[in-house]
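Heads up: the structure comes next, in structure tokens.
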Amino acid sequence: MKSSSLSSAEKFDTSRANEYGRQSRIALAGYDACQDLAACMLAATLGNVGSAKILVVGAGGTAQEIIAMAKLEPGWRFTAVDPSEPMLEAAKQQLVANNVLERTAMHLGHVEDLVANGSYDAATLIGVLHHLDGDEAKSKILRSIQARLKPGAPLIVAGNQYAYASQPLLLAAWGQRWRQHGASPEEVTVKLGKILQGADPPHSEAAVQKLLNDAGFGSATRFFSSLFWSAWLTCKTA
């Protein structure tokens, strides 16, 4: 299923940024648990390093991955990257509210804008891949992240998988999730229509693994799953 022709930055305009936190927590049952576990997985992989530089790609909106990591590891510092100004501003507000902004460099733009000097100890790419249209765009962002990581550095990848229409039961359950939170049958129909037209997720876990391998990452360990959503940890191979 093809995504819309809008770029990821255009899709995440001011109106979407303003509702992102609530919408994400409905669409993804366990949103905060996934972010917390991502922080735990990185901390477990890096060990007791004290300080670390973390690249957070697609950080706009809630900045919850940064907040979770910062709470767990007071010595970590972050570079937050997002191409959408409204989403990055929303993230900044959350970082201010949680006293993490002073540990975070905010970058409006793309990963490839950053110097590719292999200086980051770890990275996250959460809720991004399924918004990129086609394998070429997905591979590009993964290769860009790989070039900025130290050898062996871990990467958290999380997002939707499967062609949505290929999983009718999961799609129906997703609709019930919205109904559970007060959406009318008509609103559920509209939301599912947007889902079917608005993203291009990898079609399987094997497809995610191939994208990672082709970009220079090793075998991925899945540590979270919720309907279409899964989260994995992998590491740069060299």
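The figures follow:
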| quantity | calculated |
| --- | --- |
| Condition met for LEU95 (under 19 Å from the mean Cα position of the chain (by Cα) and buried (at least 21 other Cβ atoms within 10 Å of the Cβ)) | yes |
| Residue under evaluation VAL49, criteria (1) modelled with pLDDT under 95; (2) within 17 Å of the chain's Cα centre (by Cα); (3) open to solvent by 30 Å² or more (accessible area, probe 1.4 Å), criterion not met | (2) |
| Criterion violated by SER3 - all others in (1) polar (S, T, N, Q); (2) assigned to a helix (DSSP H, G or I); (3) crowded, with 16+ Cβ neighbours inside 10 Å; (4) at pLDDT below 90 satisfied | (2) |
| Lone unmet requirement of (1) more than 16 Å from LEU149 (Cα to Cα); (2) touching a helix residue (DSSP H, G or I) at 6+ places or on another chain (Cβ under 8 Å); (3) open to solvent by less than 70 Å² (accessible area, probe 1.4 Å) for LYS71 | (3) |
| Residues of segment 75-87 that turn out to be under 20 Å from ASP32 (Cβ atoms) and out of contact with any Ser or Thr (no Cβ under 8 Å at 6 or more places or on another chain), as a count | 2 |
| Scope segment 44-94; condition polar (S, T, N, Q) and over 20 Å from GLU19 (Cα atoms); matching residues | THR45, ASN48, SER51, THR79 |
| Subset of segment 125-150 (residues that are charged (D, E, K, R), surrounded by fewer than 17 Cβ atoms within 10 Å (Cβ to Cβ) and assigned to a helix (DSSP H, G or I)) | ASP135, GLU136, LYS140 |
| Those residues of segment 80-92 which are open to solvent by less than 80 Å² (accessible area, probe 1.4 Å), touching a helix residue (DSSP H, G or I) at 6+ places or on another chain (Cβ under 7 Å) and not polar (S, T, N, Q), in sequence order | ALA80, VAL81, ASP82, PRO83, PRO86, MET87, ALA90 |
| Index of the failed condition, GLN161 passing every other in (1) modelled with pLDDT of 95 or more; (2) farther than 21 Å from ALA38 by Cα | (2) |
| Segment 113-126 residues that are of a type in the set (Phe, Trp, Tyr), paired with ones that are open to solvent by 30 Å² or more (accessible area, probe 1.4 Å) (beta carbon under 6 Å, 6 or more apart) | TYR120/LYS53 |
| Flag for ALA199 being within 18 Å of VAL128 (Cβ to Cβ) and modelled with pLDDT under 95 | yes |
| Where a residue in segment 49-70 is of a type in the set (D, E, K, R) and its partner, wherever it lies, is outside any strand (DSSP E or B) and open to solvent by 10 Å² or more (accessible area, probe 1.4 Å), with Cβ under 7 Å and at least six apart | LYS53/SER119; LYS53/ASP121 |
| Those strands (runs of 3 or more DSSP E) lying entirely in segment 42-124 with at least 1 residues over 26 Å from GLY216 (Cα atoms) | 104-108 |
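The values are calculated or read from the model by the stated rules, or taken from the named source; none is laboratory data. Source: prediction; values computed, not measured. No Cβ is skipped: glycine too gets one built from the backbone with ideal geometry, and neighbour counts run over all protein chains shown. The accessibility values were calculated without ligands, DNA or RNA, using every heavy atom of the protein model including side chains. Shrake-Rupley method; radii C 1.70, N 1.55, O 1.52, S 1.80 Å.
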